[in-house]
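Engineer: Starting off with a structure, shown below.
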Amino acid sequence: MTAMVDDVAPTKLLLIVEDDPALRRVLTIAMQHAGFFVNQVGSGTEALTRLEQGDVSGVLLDLGLPDGRSVDVLNWLHDHEDQPPWLVLSATDPSDAVQIDDSIGDRFVPKPFDPWVLIERVKAMTADDKGGC
């Protein structure tokens, strides 16, 4: 069954890249409730494969993936002109995250986070489909 909010079918695909299965499930449920189609993956390798397929409206990326490919995903997002907008979710200190990639800045969402605030940020991020945040 397709998740619907206020009788409006989802039209935007959100890619959730999170290695913690419990958090990935919570994020999926919250974003479906907010009206998004959701693809979820647990590694950077899977994320890169999915991004190459296209049609992604936004990305939620865990910065601490165990396969070490978070930076590769960030590089892919930077290198593609038609990149989807993205946010980084991390328990890492924001200053450490910015040292990894100085474009993270206002795209950083610290863990733990308020799911309702995250939903509003994702809605704003995907509102115009122009990439970036």
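Rule-based calculations on the coordinates, nothing more; no lab input. Please read these numbers as outputs of a predicted model, since none were measured by experiment. Because the Cβ atoms are built from the backbone with ideal geometry, glycine has one as well, and the counts that use them run over all protein chains shown.
Engineer: Using C-alpha positions alone, give me the convex hull volume of segment 12-125 per residue in cubic angstrom.
Structural biologist: For segment 12-125, the hull spanned by Cα atoms encloses 91 Å³ per residue.
Engineer: Here is a follow-up. Rounded to the nearest 0.05, what FRET efficiency do Trp116 and Glu52 give with R0 = 30 Å and r taken as the Cβ-Cβ distance? Could you check?
Structural biologist: Efficiency at R0 = 30 Å is approximately 0.40.
Engineer: Given R₀ = 25 Å, what would the calculated FRET efficiency be for Gln83 paired with Leu23, taking r from the Cβ atoms and rounding to 0.05?
Structural biologist: Step by step, r from the Cβ atoms, then E = 0.55.
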